[in-house]
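**Student:** Let me begin by handing over the structure; questions about it come next.
The values are calculated or read from the model by the stated rules, or taken from the named source; none is laboratory data. In this text, all values refer to a predicted model and were calculated from it rather than measured experimentally. A quick note on method: Cβ atoms are made from the backbone with ideal geometry, for glycine too, and the neighbour counts reach across all protein chains shown.
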Amino acid sequence: EEDESNVELSEEAGENGAISPAALQREVSRRRNFAIISHPDAGKTTLTEKLLLYGGAIHEAGAVKARRSARHATSDWMDLEKQRGISITSTALVFENRGFQITLLDTPGHQDFGEDTYRTLAAADNAVMLVDAGKGLEPQTRKLFEVCRMRKLPIFTFINKMDRPALEPLELMDQIEKEFNLPTYPVNWPIGSGDRFVGVYYRPRNEVHLFEKGTKHGSQGASVRILPWGDPALEDIIANDLFHQLQEEIELLEELTPPLDMAKIHSGDISPVYFGSAMNNFGVELFLENFLEYSVQPGNHVSDLGEVEPEYPNFTGFVFKLQANMDAKHRDKVAFVRVCSGQFVKGMKVQIARNGKTLALTRPQKMFAQDRTTMETAYAGDVVGLNNPNAFCIGDTIYTGPKRVFPGIPSFSPELFCYMRNPNPSKYKQFVKGLNELLGEGAVQVLYSVDSGRTDPILAAVGQLQFEVVQYRMQAEYNVETQLEPLSFSVARWVTGGWPALEKVGRIFNCSTVKDQWGRPVLLFRNDWNVSQLLGDHPEIGELAPYALPP
Ligand code: G4P
């Protein structure tokens, strides 16, 4: 397959071997990229596998999970990873389906939830929000949802585990509309739930899809029987009460939901909703088919020189993630680049906007699960892993042609804080070096106290694991043993007006003043209530922002 597309490209190649505008446009328009956001246990791993199964990338589900366990058995994984039995690393999964090239950005979840989870969303064009039908919306989903909102990503909702006792579909949709202020459009509608979840009504084609349970955990595709709504046979096949309920609900849906507005889906103002069971493969194939139709292709990216279109002929991209120690034996590090425009070609020379350095990208990697294959070309929406990560910082723009700079990736609002101490003064140099390198990689944020006189750095993170990784790597890579002292704050706010705004207010109670790595003022609070209190008492402080872009 790959050979064929290369031949096609060379035929269409313009002058100097560059890709022709038509071929570039075609490559962009067949790309779809998305990340799955969910709360732990909602079924993200299962859905990912099933999408790969129906996408034709794997032939039997269980492969990704199995590979994970096999990986833990080999010795070349970070000790910490093995101790905790979790995956710190994450990857972009790439597969072809229905003529599309699909990139699934695998957001680290679970215990390893951290800033990388947020950053991955900076590289995504679409988000799939996975909800457990029995539990409804859960807290971690909300945080990730807010990042999607900020980025105006189209959000597709997959309501999973319909084969278990579930909340009413209308109740679930209501939660999304009320709690997230996000109107929904059900694309399919469940017929029954729990043991009696027998299928879905697929609205775009007025079809009933009846599922049959297949192999255990649905390692192979489920068999589906499709009948048009109105087929008299349906009344015999579907239990009487479920049939009449469906009849009523279809009428209700037609009344309640306004016609589908694709523009609103694309701007993230309406979420298409799908019901199913990833474990049993119910509704997964329909979801994939429909997602490919409704999702957006890679779009424009704002830069200092205006918007960059994906068809802009020069290559541009940004680093959204740096990953260390994927293979401890080789001290391997990878920088992940989201391609924004043009054609990426292996070996090409690019410039880094931050320092003007030129670099030949000789060893790019495309990721599929943990197997790496070399990538020859890439286009907007693709993710390329690069092997010279020491050259890069999070948020770096890389480009060919005239210089352009994409805004950096925001430092996400940390919720956990602790002092990191170096108890051994003779290790001072290594301590500072290690801390700076880990900071550059974006492993953690670092703040410094302003009002306490204490000089130890304050590590700030969104997930506990980030601290453990920093401590582990300080020891393993820089030979510095460190001590952590937790602080009892849980909210950080950047003072948008800077130090002058703070001076206006004078002494503030119930919070601590610190500065970020660029010397900008940040306030640490115990809770949101204290933030509101400050804003109420001292409106002259101006805006307090939960996120800050690098200056
Ligand atoms: P996560 O990555 O979001 O944490 O979730 P994961 O896919 O690991 O799924 C969490 C648990 O939920 C798993 O059960 C999985 O089998 C189950 N699950 C996923 N989708 C469905 C579904 O549609 N219906 C039902 N009933 N269960 C589902 P487990 O017991 O933790 O693991 P396993 O032994 O079943 O693999």
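**Student:** Of the residues that make up the stretch 447-470, is at least one at pLDDT below 90, farther than 20 Å from residue 549 by Cα and of a type in the set (Phe, Trp, Tyr)?
**Tutor:** No: zero hits.
**Student:** Now, a different point. Filter the stretch 347-362 down to the residues that are without any contact (Cβ under 8 Å) to a residue 40 or more places away in the chain and not in a loop (DSSP other than H, G, I, E, B) and list them by number.
**Tutor:** Selection gives 358, 359, 360.
**Student:** Also: Could you please find all residues in the stretch 468-492 being outside any helix (DSSP H, G or I) and either in contact with a His (Cβ under 8 Å, 6 or more places away or on another chain) or not acidic (Asp, Glu) (or both)?
**Tutor:** Taking the stretch 468-492 and keeping what is outside any helix (DSSP H, G or I), we get 479-492.
479, 480, 482, 483, 484, 486, 487, 488, 489, 490, 491, 492 - these are the residues of the stretch 468-492 that are outside any helix (DSSP H, G or I) and either in contact with a His (Cβ under 8 Å, 6 or more places away or on another chain) or not acidic (Asp, Glu) (or both).
Residues are listed down the side, and each one gets a yes or a no for (1) in a loop (DSSP other than H, G, I, E, B); (2) more than 14 Å from the ligand (Cβ to nearest atom); (3) in contact with a helix residue (DSSP H, G or I) (Cβ under 9 Å, 6 or more places away or on another chain); (4) free of Cβ contacts under 8 Å to residues at least 24 places away in the same chain:
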site: 146; (1), (2), (3), (4): no, yes, no, yes
site: 158; (1), (2), (3), (4): no, no, yes, no
site: 166; (1), (2), (3), (4): yes, no, yes, no
site: 178; (1), (2), (3), (4): no, yes, no, yes
site: 200; (1), (2), (3), (4): no, no, yes, no
site: 204; (1), (2), (3), (4): no, yes, yes, no
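**Student:** Name the residues in the stretch 236-259 that are free of Cβ contacts under 8 Å to residues at least 24 places away in the same chain, surrounded by 14 or more Cβ atoms within 10 Å (Cβ to Cβ) and either part of a loop (DSSP other than H, G, I, E, B) or charged (D, E, K, R) (or both), would you?
**Tutor:** None; the set is empty.
**Student:** Taking interchain pairs and intrachain pairs at least six residues apart, which have beta carbon atoms under 8 angstrom, with the first residue in the stretch 24-45 and of a type in the set (A, V, I, L, M) and the second within 16 Å of the ligand (Cβ to nearest atom) and assigned to a helix (DSSP H, G or I)?
**Tutor:** 35/120; 36/44; 36/47; 36/48; 37/141; 37/144; 37/145; 42/141
**Student:** Starting from the stretch 424-446, keep only residues that are under 21 Å from residue 461 (Cβ atoms), then list their pairs with residues that are assigned to a loop (DSSP other than H, G, I, E, B) whose Cβ atoms are within a distance under 6 Å, requiring at least 6 positions of separation or different chains.
**Tutor:** Qualifying pairs under 6 Å: 431/422; 431/480; 434/480; 440/393; 442/394; 445/414; 446/457; 446/517.
Residue by residue, here is whether (1) in contact (Cβ under 8 Å) with a residue 40 or more places away in the chain; (2) surrounded by fewer than 20 Cβ atoms within 10 Å (Cβ to Cβ); (3) over 27 Å from residue 424 (Cα atoms) holds:
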position: 458; (1), (2), (3): yes, no, no
position: 481; (1), (2), (3): yes, yes, no
position: 501; (1), (2), (3): yes, yes, yes
position: 527; (1), (2), (3): no, yes, yes
position: 537; (1), (2), (3): no, yes, yes
position: 543; (1), (2), (3): yes, yes, yes
position: 548; (1), (2), (3): yes, no, yes
position: 551; (1), (2), (3): no, yes, yes
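**Student:** Can you name the residue in the stretch 328-346 that is at pLDDT below 70 and not in a helix (DSSP H, G or I) and, of all such residues, is surrounded by the fewest Cβ atoms within 10 Å (Cβ to Cβ)? Give the steps one after another, and end with the answer.
**Tutor:** Taking the stretch 328-346 and keeping what is at pLDDT below 70, we get 328-332.
In the following step, the residues that additionally are not in a helix (DSSP H, G or I) were identified as 331-332.
On the way: 331: 11, 332: 15.
This residue is 331.
**Student:** Okay, moving on. If you scan the stretch 304-323, which residues turn out to be more than 19 Å from the chain's Cα centre (by Cα) and buried (at least 21 other Cβ atoms within 10 Å of the Cβ)? Let's see the steps before the verdict.
**Tutor:** Within the stretch 304-323, the first condition is being more than 19 Å from the chain's Cα centre (by Cα), and the residues that meet it are 304-316.
Across the stretch 304-323, the qualifying residues are 308, 310, 315, 316.
**Student:** Is there a residue being within 11 Å of the ligand (Cβ to nearest atom), touching a strand residue (DSSP E or B) at 6+ places or on another chain (Cβ under 6 Å) and modelled with pLDDT of 80 or more anywhere in the stretch 123-130? Step through it out loud before you land on a result.
**Tutor:** In the first step, residues of the stretch 123-130 are kept if they are within 11 Å of the ligand (Cβ to nearest atom); the result is 130.
Keeping just the survivors that are touching a strand residue (DSSP E or B) at 6+ places or on another chain (Cβ under 6 Å) gives 130.
After this cut, where a residue has to be modelled with pLDDT of 80 or more as well, the list is 130.
Scanning the stretch 123-130, I find at least one residue that is within 11 Å of the ligand (Cβ to nearest atom), touching a strand residue (DSSP E or B) at 6+ places or on another chain (Cβ under 6 Å) and modelled with pLDDT of 80 or more, so the answer is yes.
**Student:** Please find, among 119, 67, 71, the residue that is modelled with pLDDT under 65, in contact with a strand residue (DSSP E or B) (Cβ under 9 Å, 6 or more places away or on another chain) and either within 16 Å of the ligand (Cβ to nearest atom) or assigned to a helix (DSSP H, G or I) (or both).
**Tutor:** Values: 119 fails: modelled with pLDDT under 65; 71 fails: in contact with a strand residue (DSSP E or B) (Cβ under 9 Å, 6 or more places away or on another chain).
Criteria check complete, one pass: 67.
**Student:** Out of all the residues in the stretch 18-52, which are assigned to a loop (DSSP other than H, G, I, E, B) and farther than 25 Å from residue 266 by Cβ? Lay out the reasoning, then the answer.
**Tutor:** Pass one, the stretch 18-52, residues assigned to a loop (DSSP other than H, G, I, E, B): 18-20, 30, 39-43.
Correct list: 18, 19, 20, 39, 40, 41, 43.
Residues are listed down the side, and each one gets a yes or a no for (1) modelled with pLDDT under 90; (2) within 16 Å of the ligand (Cβ to nearest atom); (3) aromatic (Phe, Trp, Tyr):
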| residue | (1), (2), (3) |
| --- | --- |
| 92 | yes, no, no |
| 99 | no, no, no |
| 155 | no, no, no |
| 169 | no, yes, no |
| 187 | no, no, no |
| 190 | no, yes, no |
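**Student:** It is to be established whether one or more residues within the stretch 260-274 are charged (D, E, K, R), part of a helix (DSSP H, G or I) and within 16 Å of the ligand (Cβ to nearest atom).
**Tutor:** Applying the first criterion (charged (D, E, K, R)) to the stretch 260-274 yields 261, 264, 269.
Next, from what is left, pick out any that are part of a helix (DSSP H, G or I): 264.
This time we only want the ones that are within 16 Å of the ligand (Cβ to nearest atom), so: none.
Checked against the condition, which is being charged (D, E, K, R), part of a helix (DSSP H, G or I) and within 16 Å of the ligand (Cβ to nearest atom), the stretch 260-274 yields no hits at all.
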